[in-house]
1. In segment 149-293, what is the count of Lys pairs whose alpha carbons are under 19 Å apart, counting only pairs at least 8 residues apart or on separate chains?
2. Where Lys and Arg each count +1 and Asp and Glu each count -1, what net charge lies around residue 253 among other residues with Cβ under 14 Å from its Cβ?
3. With only Lys, Arg, Asp and Glu charged, each at its Cβ (+1 for the first two, -1 for the last two), find how big the charge dipole of segment 163-280 is about the Cα centre; round to the nearest 20 debye.
4. Suppose the chain between residue 108 and residue 143 were pulled fully straight at 0.36 nm per residue; how much longer would it get relative to their current alpha carbon spacing?
5. Read phi for every residue in segment 179-192 and hand back ³J(HN,Hα) as whole Hz from Karplus 6.51 cos²θ - 1.76 cosθ + 1.60, θ = phi - 60°, with x for Gly and Pro.
6. Within the P(r) computed for segment 181-293, what percentage of the Cα pairs occupies the region above 25 Å?
7. Determine, from the Cβ-Cβ distance of residue 169 and residue 275 and an R0 of 30 Å, the FRET efficiency 1/(1 + (r/R0)^6), rounded to the nearest 0.05.
8. Which cross-chain or sequence-distant (5 or more) residues have an amide H under 5 Å from the amide H of residue 82, H modelled 1.01 Å from N in plane?
Amino acid sequence: MRGLGREVYPEFIEGNPSPAATLRQVRIPRSIVIFCINMNKKTGNELGGVLKSSKFERLPTKELDQVWAIVLEEYPELTILQMEKLMPAKEDFLQYTGGEFIASTDSEKPLVRIVLGDIKHLESLRAVRNDSVKIVLEKLGLALEKVDAKILNLLIFLHEVGHGRDYIVNYLNNPIYPDKDASNDDWYEHYENQLNALPVPGLDPTDLRIRLKELGGLQAFRVSYPELDLIFQKHNIQNEEDLLRVQEVAYRNLPHESYADDFACKVLRGHWETIGLDPSLLKELPSFKPEEN
């Protein structure tokens with residue numbers, strides 16, 4: 001779910017004053033990504049990384065480690081994925097998302113960055129990204145009120161891993177590509193093309209929230225991007241909530257995002273009790289079939 005995660009471009013785009021180009025200029029600099037990767041070199045396939053202190057209750061990371069072990073056993077092609085744990089920071093995009101996937105890194109390996117289970121952050125995320133969360137939960141088969149921070153954290157983590165599998169299976173290991181550069185080029189081109197098909201072209205929901213905040217609200221956004229007037233009329237957008245809802249729904253239906261959501265739901269359904277989730281909720285999952293008496 002930039003699962004409620006996100007995918008990140010490996011470079012900045014300059015010169016084009018479109019919403020997408022503007023936002024890409026404020027994404028995480030490569031130097032910071034490189035630093036995080038270097039900090040992770042000794043962790044191998046374990047979830048490791050830089051932790052910042054938090055005064056809020058945090059979910060135990062052993063749950064993510066357990067799920068990661070299950071995923072690696074079932075999908076051994078994912079062993080090349082690097083992992084990093086982060087804590088949300090108010091000043092950057094992490095306040096609006098639960099993780100991100102980066103296909104191209106200086107370490108030559110794809111990277112999943114996951115925001116740890118800070119319960120306050122996850123509860124805020126569930127409220128702020130409500131429309132996106134509900135769409136994913138529909139696939140899983142649970143109502144929003146049935147989902148606690150633990151389930152949400154696992155869904156987000158598995159969503160980002162799903163992006164990793166999509167990239168590895170359909171691009172990196174796909175024989176139609178002569179080398180890694182060609183597979184990376186297509187991955188980012190396909191993702192960018194999908195983003196450009198959104199109601200607000202080029203911006204995922206996290207970037208759109210950041211841009212609205214930077215400009216000071218919806219009216220300033222409309223002044224800055226008058227080319228979007230037809231989109232506002234088509235979807236009868238009256239306020240920020242309307243705009244964000246339209247963008248969230250369209251984003252969740254993008255092929256890359258659907259693939260990652262489907263992967264996350266499949267793993268959770270298949271290993272529900274092994275992961276330690278409440279078995280009484282199983283009857284609400286689409287795949288649950290009660291035994292005949």
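1. Numbers: 150/266; 150/283; 266/283; 266/289.
Within segment 149-293, the lysine pair count is 4.
2. Working: positive: 134, 139, 245, 252; negative: 131, 138, 204, 248, 257, 261, 262.
Counting the neighbours of residue 253, the net charge comes to -3.
3. On the way: 11 positive and 21 negative charges, 56 e Å.
I would put it at about 260 debye.
4. Numbers: separation 35, 0.36 × 35 = 12.60 nm, distance 3.96 nm.
The span from residue 108 to residue 143 would gain 8.6 nm if fully extended.
5. Computed from phi, the couplings for segment 179-192 are 7, 5, 4, 5, 5, 4, 4, 5, 4, 6, 5, 5, 5, 5 Hz.
6. Numbers: 2883 of 6328 pairs.
Counting every Cα pair in segment 181-293, those more than 25 Å apart make up 46 percent.
7. On the way: r = 23 Å, r/R0 = 0.77.
With a Förster radius of 30 Å, E is 0.85.
8. Residues meeting the amide H criterion: 111, 112.
Rule-based calculations on the coordinates, nothing more; no lab input. Worth saying up front: this structure is predicted, and the values here are computed from it rather than measured. Virtual Cβ from ideal backbone geometry, glycine too; neighbours counted across all protein chains shown.
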